[in-house]
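Asks: Here it is: the structure, laid out below.
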Amino acid sequence: MTAVLASSAVIAPDVSTVDELADDWFDPVHHLGPRGWKYLSPATRYLLAAAQQALTAVYPEALPPDGGVSIGTHHSITELHRRFDTVMRTEGSRALSPAELPSLAVNMPASQLAIRYRLHAFCLTFTDALVAGLAAVLRAAREVRAGRARFALAGATEQATGPVLPGVVLFVVTGAAEAPGPRVTGGCASFLPDSAARYGEDPKAHNPLAERIATLVPAGPVSYAYSCDGPDRYLDHLVRAALAARGVEVREVAGRGDDGAYSTVSPLIQLAGVSRVPGPALVVARSRAGHVAAIGLASPTASQSTKHERVLSTMDRTEVVALMADVLDVDPAKITDEAHFINDLGVDSLIALELAVALERRYGVKIADEEMAEVRRLPEVLALLQQKVPA
Amino acid sequence: MQRAVVTGLGSVCSLGTGTSRFWGGLLAADTGPQSIVDSAGQARRAYAVADRDGTGRASTMAVSAAVAALTDAGYADGVCEEAGVVLGTGLGDVDGLEHAYATGAPAPADSPFGVSAAVATRIGATGPVHTVSTGCSAGVYALGLGPDAIRSGEAEVMVVGGAEVLSWVAFGGLEGFGLLDPQVCRPFDTERRGMLPGEGAAVLVLESLDRLRRRRVRGYAEVMGFGWSSDGHHPTAPEPNGTQIRRALRAALADADVPATWIGAVLPHRAGIPVNDTVETGALADVLGWPAPVFATKAVLGHTAGAAGAFAALTGALVLRRRVIPPNAHVTVVDPECGLDVVRTGPVPLASPYVLISGTGFGGNNGALVLGGWPV
């Protein structure tokens, strides 16, 4: 069995320092509704919101059984612990909120996800610096491959702490037979506390770790992303050298996360980015402390990628939403991934026909009536277009 | 598939430093909590280690136990470059933060979750390094992830275990939940009223069978199987039927290919919290199908949270090496609902060289291990 990243959800503020961070960057009411999140920690709220998005794309109806959870986090309880500590010392332990107290357990974001979606296969939390999210995704892929889970929610979540930016990335990891998506070709975890001292200054020197990482992808063009939460990019140079020696042509992936500003979420922002680009990809992270994690992906060709948004860029999506809002005569904000055309947006058969015609005109494709009849939500429109629009 | 054999042990806890003090404390079965003052000036009862100087003590204790375990396994100066590290911890080096908040000293800038990195740096590890924080079952999960790396060929040596330091905030939380016994941790007593926190680090060195033969070293025990499950039920309460605990136990037995009747001793999570104890022991009795001998460490060690499962594994390795089961401390009247054989005087001989370990935690993270004896 192979494991694929069937969908991803990324929720993180587009800022570069905590000082720029707006207090209301994440609106729980928008993601989670008016109730049910009051006593959950911020990191847990982010994770639940991401799960809603990622799961809808793969399992729009009921979830299959045998799901697992695997989450990385490094900073999600520091602020909470500080607040509880102050209450304890100034007012005594009776003043602590019993409903909030479980959040002191760093495994609670993962456990709340398991509780919300009744996931029984396993519930794991990794807490190492920078790489814990990548480790969590690799573990999920391994469990799915071994048949110990049918699917797993795997990712990372962080609350803003000191200079660390908040955010969440969550993947649905499942078998290739279950859903399309880039295949996890392999991974590697290691420890390299002082790379230059250990391996010498010459980047051309034989480096077993870099060579092992380079074997995760085939020769030819590969999307590549590296992150480090410190100034040392030594491993980056070694990996690039090893890739070049193997005949890999590195395609830079611009984007956030390379400086580790989002802690364990950072490498996963990069992973989500490369997972939406066709072709093989490699994501490598090295923490200041010395943890190293790497993951290789092989994306399906465009024709295999039929079910979910992958080739269409964010700009395409915005354009589709704008066109639909115009045809359906609704506010574009109402056209979310979850909004049901009939139940939520009031689409009837006539409007559906109108939409099919508009899409055909705009994208130069032909959409059959029965195809249009099966479309119920935005992700399905995007999938349909992706199937039809030549890459 | 490579088998994972325990070749070294290290321990720091309220019973003292080193495995002989640990084992001696289990056999003596007479220690309890001490009185200790928390950061708000309140007197607490806990199983604290003797040397409480400095901060970042989860890391300090883990490093000390890891170096001792590697030395025990025959690695000079506790250095092993090929090793990977998997440690369980609930709150990591949270003592540094609590000390800073109480004294007004600057708080450490790093997250408290640097325990595995500290150990990896000290022992020179270059293998996979992970910190697993699945609450109070983290130690059991570390003992599952470590052998997985050896089985898959990812590493030949894994340094695994757990470390936990007393946290006054966690103490207050447990008090808020009404989970603290006012006297002593007494998991098998019918009058038990809750748990009492402890602190320490337990570390085991696991090596592949090939490597063990190559190095011609002795083994304590083999990690034969592990199983995981998630209640997906409630943040703090166990799922009342123990369905998922049963599944983890059965998975571990199946993974080890050991029938339930072969189990010579059960080392449960059992911490003294009445409802959790009843659910867990019910699942154990049901899966085993017979009243196997049972021993819980927490009466003399306290509840060491993320390290508890590692202490159970350490105990299991020693039980298999010494072929005896220590007596349970602090039992006046045995809990009538406990369907297992509570060892009260002893030590008693181990009838069969297989040990079943169970771990549960807040959030419903269940784990189970099967250890097997190793020829001396």
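The values are calculated or read from the model by the stated rules, or taken from the named source; none is laboratory data. Predicted model only: the values in this text are computed from it and were never measured. Here Cβ is always computed from backbone atoms with ideal geometry, including for glycine, and neighbour counts include all displayed protein chains. These area figures cover heavy atoms from the full protein model, side chains too; ligands, DNA and RNA do not enter into them. Shrake-Rupley method; radii C 1.70, N 1.55, O 1.52, S 1.80 Å.
Asks: Counting only heavy atoms of protein chains, what accessible area per residue, in Å², does the protein assembly as shown have with a probe of 1.4 Å?
Replies: Accessible area per residue: 36 Å².
Asks: Buried accessible area for the A:B pair, summed, 1.4 Å probe, in Å² rounded to 100?
Replies: 4300
Asks: Same structure, new question: Summarise the partner chain shielding of B:302-314 as one whole number: the mean count of Cβ atoms from other chains within 10 Å of each residue's Cβ.
Replies: Mean number of neighbouring Cβ atoms from other chains: 0.
Asks: What list of whole percents do you get for P(r) of the stretch A:60-127, with Cα-Cα distances grouped in 10 Å bins up to the one holding the largest distance?
Replies: Binned Cα distances yield the sequence 19, 38, 26, 13, 3.
Asks: Just need the relative contact order of the stretch A:1-99 here, percent rounded to a whole number, with Cα pairs under 8 Å and 6+ apart.
Replies: Relative contact order, the stretch A:1-99: 27 percent.
Asks: What is the sum of charges, Lys and Arg at +1 and Asp and Glu at -1, for the other residues whose Cβ falls under 12 Å from the Cβ of B:Gln183?
Replies: +1
Asks: Here is a further query. What is the distance in Å between the Cα centres of the stretch B:38-62 and the stretch B:80-116?
Replies: With the stretch B:38-62 and the stretch B:80-116 each reduced to a Cα centre, they are spaced 13 Å.
Asks: Here's another thing I want to ask about it. Within the protein assembly as shown, what percent of beta bridges assigned by DSSP are antiparallel, to the nearest 5?
Replies: Within the protein assembly as shown, antiparallel bridges account for around 65 percent of the total.
Asks: Taking all pairs of different Cα atoms in the protein assembly as shown, averaging 1/r and flipping that mean, what Kirkwood radius in angstroms comes out?
Replies: 26.6
Asks: Same structure, new question: Each residue of the stretch B:270-285 in order: what ³J(HN,Hα) in whole Hz does its phi give by Karplus 6.51 cos²θ - 1.76 cosθ + 1.60, θ = phi - 60°, with x for Gly and Pro?
Replies: Each residue's phi maps through the Karplus curve to give 2, 10, x, 8, x, 5, 4, 4, 5, 5, 5, 5, x, 5, 4, 4 Hz.
Asks: Tell me the net charge near A:Arg45. Cut-off is 15 Å between Cβ atoms, A:Arg45 excluded, with +1 for each Lys or Arg and -1 for each Asp or Glu.
Replies: Once positives and negatives cancel, what remains is -3.
Asks: At 222 nm, what helix-only mean residue ellipticity would chain B give, in deg cm²/dmol to the nearest 500, using -39500 (n - 2.57) for each DSSP H run of four or more?
Replies: Helices in chain B give a 222 nm mean residue ellipticity of -10000 deg cm²/dmol.
Asks: Could you rank B:Arg344, A:Arg233, B:Arg216, A:Arg118 by how accessible they are, 1.4 Å probe, largest area first?
Replies: Final ranking, largest accessible area leading: B:Arg216, A:Arg118, B:Arg344, A:Arg233.
Asks: Please report, in debye to the nearest 20, how large the charge dipole of chain A is about its Cα centre when each Lys and Arg carries +1 at its beta carbon and each Asp and Glu carries -1 there.
Replies: So the dipole magnitude of chain A works out to roughly 1320 debye.
Asks: Taking beta carbons within 10 Å but only from partner chains, what does the mean come to for residues B:82-95?
Replies: Rounded to a whole number, the mean comes out at 2.
Asks: How do B:Tyr354, A:Tyr262 rank by accessible surface area computed with a 1.4 Å probe, from largest to smallest?
Replies: From most accessible down to least: B:Tyr354, A:Tyr262.
Asks: Given B:Phe188, B:Pro108, B:Gly146, which one lies farthest toward the positive end of the charge dipole of the stretch B:70-195, if we put +1 on the Cβ of every Lys and Arg and -1 on the Cβ of every Asp and Glu?
Replies: Checking the options against the dipole of the stretch B:70-195, the answer is B:Phe188.
Asks: What net charge is computed for the residues neighbouring A:Leu328, neighbours being all others with C-beta under 9 Å from the C-beta of A:Leu328, Lys and Arg scored +1, Asp and Glu -1?
Replies: Within the 9 Å Cβ shell, the charges total -2.
Asks: Expressed as a whole percentage, what fraction of the accessible surface of the stretch B:66-116 belongs to carbon and sulfur atoms when a 1.4 Å probe is rolled over the protein heavy atoms?
Replies: Using a 1.4 Å probe with all protein chains present, the stretch B:66-116 comes out at 57 percent carbon and sulfur.
Asks: May I pose another question? When the C-alpha atoms of the stretch B:149-193 are aligned to their principal axes, what extent does each axis show, in angstrom, from largest down?
Replies: The principal-axis extents, from largest down, are 47, 27, 14 Å.
Asks: May I pose another question? Treating each Cα of the stretch B:21-96 as an identical point scatterer and ignoring solvent, apply the Debye formula and state log10 I(q)/I(0) at q = 0.18 Å⁻¹.
Replies: Each listed q maps to, in turn, -1.00.
Asks: Any idea of A:Glu380's accessible area? Nearest 10 Å², probe 1.4 Å.
Replies: Rounded to the nearest 10, the figure is 50 Å².
Asks: Can you give the average number of partner chain beta-carbon atoms within 10 Å of each beta-carbon in peptide A:95-101, as a whole number?
Replies: 4
Asks: For A:Arg251, what accessible surface area do you get with a 1.4 Å probe? Give it in Å², rounded to 10.
Replies: Per-residue accessible area (A:Arg251): approximately 90 Å².
Asks: Still on this structure: If you count, for each residue, the other Cβ atoms within 10 Å and average over each peptide, how do A:178-190, B:164-176 line up from highest to lowest?
Replies: So the order, starting with the most tightly packed, is B:164-176, A:178-190.
Asks: Taking a ≥ b ≥ c as the square roots of the eigenvalues of the Cα gyration tensor of the stretch A:123-264, is the shape rounded (a/c under 1.5), prolate (a/b larger than b/c) or oblate?
Replies: oblate
Asks: A follow-up question, please. Which aspartates and glutamates, on any chain, are close to A:Lys334 with Cα under 15 Å apart, when same-chain ones fewer than 8 places away are left out?
Replies: Within reach: A:Glu319, A:Asp326, A:Asp344.
Asks: Using the Kirkwood formula on the Cα atoms of the stretch B:332-376, what hydrodynamic radius do you get, in angstrom to one decimal?
Replies: 13.6
Asks: Given C-alpha coordinates of the stretch A:57-191, what is the ratio Rg to Rh with the Kirkwood estimate of Rh?
Replies: Rounded to two decimals, Rg/Rh equals 1.04.
Asks: Sticking with this structure for a sec: How do A:Met372, B:Met224 stack up against each other in accessible area, from largest to smallest, with a 1.4 angstrom probe?
Replies: Ranked list, largest accessible area first: B:Met224, A:Met372.
Asks: In chain B, with Lys and Arg counted as +1 and Asp and Glu as -1 at Cβ, which of these residues, B:Val129, B:Gly339, B:Val275, has the Cα nearest the positive end of the dipole, that is, farthest along it?
Replies: Final value for the positive-end residue is B:Gly339.
Asks: If you look at just the Cα atoms of chain B, how large are its Rg and its Dmax in Å?
Replies: 18.8, 57
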